Ligand SMILES: [Zn+2]
């Protein structure tokens, strides 16, 4: 059974629920998630919320996923370039492999990530789905 | 006295459907007889990564788009459901964080079978009217359960709708003219703690339960407001199936034409706490300015909440700002019985 401590996950709630990333105060570059250092070397960031729209750069399907996602399998996984620039790896909801095409428009959706077994906490966050 | 009303609304229905035929085949039942008897053809079910919380968040975000406000403005958030993912841990807290409502938010989950969402609208209305908050959000949302082979399996569906209430005149899309409730202790349908699926009292769920309360609340609100059925452009009654709301309408003197626009049950099933609220969101999607809408919910156990809304010009400006109920009804992918059970097993 997959187990995970709620506290480590809790720190990432806003990042996951609302695509909260960061904007470098010095050079203005947008990051998701917030890194320790910007490519310009600065460590000063302000919070930035991404809109949740992007383009599908690459995708695959997962027949048997890691333990946490095993009960969700089969599912698709994709790399999405957000309209603001950064790339994000995300599970893709409400679609099968044959529904996907490189370059298609994707939108964010709020979904269940996994739960720590039957008694554990349930974790939620942003996934992407083909724009409709 | 200052008017309050709906300033934003949003629907969400999962993409997946199962046809009555696919369920009937497994249990050796006659699908045509069941479809005719229940007045529905298929029902919605959640994706494996959806539950009452995720349905609520999607509906809430659609409601914010129509209201044109940010989540931070929401002062209270109540979510009605009989399928809250946790027995103890509020759905409302997760949804509040997911719309960035901020720490200064009153929040709680409500439960009253299928009328927990309409009860939440009444709670929010009180807070807005008394000026304790500027805006409040009420959601009715469910991934309803039924035991395998039970008659409820044909109708127990998934979906939800969210409503934001406020009192800024130019923002109101539908004024709340009146609301009241009709409540009595009635053993028609229940689920004991730690049980995964509900029990129901068969035919007793009709006359002494649904009809008594829906008719009781509706007659009370008509009488208290000196209204008659012909004063309304639309009427929405809770939809446990496609038959009961039409029978209730007939007994009350409403026409099928007044009820049809909100009758989403025939295509998606009974979304429990989401049912009458999705009926209301479907009507708001198509209503014009200056129209009157009557809504009466029903929750087993039992009670009904009645509402009278009058739409404003502002409604027509916000209808296209988010996906409509019908967009979600039309977006669908069919699954077979075993896949349906797999999906449902994920929300227990
Ligand atoms: Zn930088």
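The values are calculated or read from the model by the stated rules, or taken from the named source; none is laboratory data. Since we're looking at a predicted model, the values are computed, not measured. So basically every Cβ, Gly included, is an ideal-geometry build from the backbone, and we count neighbours across all protein chains shown.
Just a few scattered comments:
- Output for the range B:31-63, where each listed residue is more than 25 Å from residue B:334 (Cα to Cα) and either crowded, with 24+ Cβ neighbours inside 10 Å or more than 12 Å from every other protein chain (Cβ to nearest Cβ) (or both): B:60, B:63
- Any hit, the range A:28-47, residues being more than 13 Å from the chain's Cα centre (by Cα), within 14 Å of chain B (Cβ to nearest Cβ) and modelled with pLDDT of 95 or more: yes
- Odd one out for residue A:132, checked against (1) crowded, with 16+ Cβ neighbours inside 10 Å; (2) touching a helix residue (DSSP H, G or I) at 6+ places or on another chain (Cβ under 9 Å); (3) within 11 Å of another protein chain (Cβ to nearest Cβ): (1)
- Lone unmet requirement of (1) within 14 Å of chain A (Cβ to nearest Cβ); (2) not in a loop (DSSP other than H, G, I, E, B) for residue B:323: (2)
- Filter result for residue B:267 (in contact with a strand residue (DSSP E or B) (Cβ under 8 Å, 6 or more places away or on another chain), surrounded by fewer than 24 Cβ atoms within 10 Å (Cβ to Cβ) and closer than 20 Å to residue B:17 by Cβ): yes
- Residues of the range A:11-27 classified as touching a strand residue (DSSP E or B) at 6+ places or on another chain (Cβ under 9 Å) and either outside any strand (DSSP E or B) or away from the ligand (no atom under 16 Å from the Cβ) (or both), total: 10
- Search result, residues across the range A:82-103 that are surrounded by 15 or more Cβ atoms within 10 Å (Cβ to Cβ) and more than 12 Å from chain B (Cβ to nearest Cβ): A:82, A:84, A:86, A:88, A:100
- Among the residues of the range B:29-48, those that are in contact (Cβ under 8 Å) with a residue 24 or more places away in the chain and touching a helix residue (DSSP H, G or I) at 6+ places or on another chain (Cβ under 8 Å) comprise B:34, B:38, B:39, B:40, B:41, B:42, B:43, B:44, B:45, B:46, B:47, B:48.
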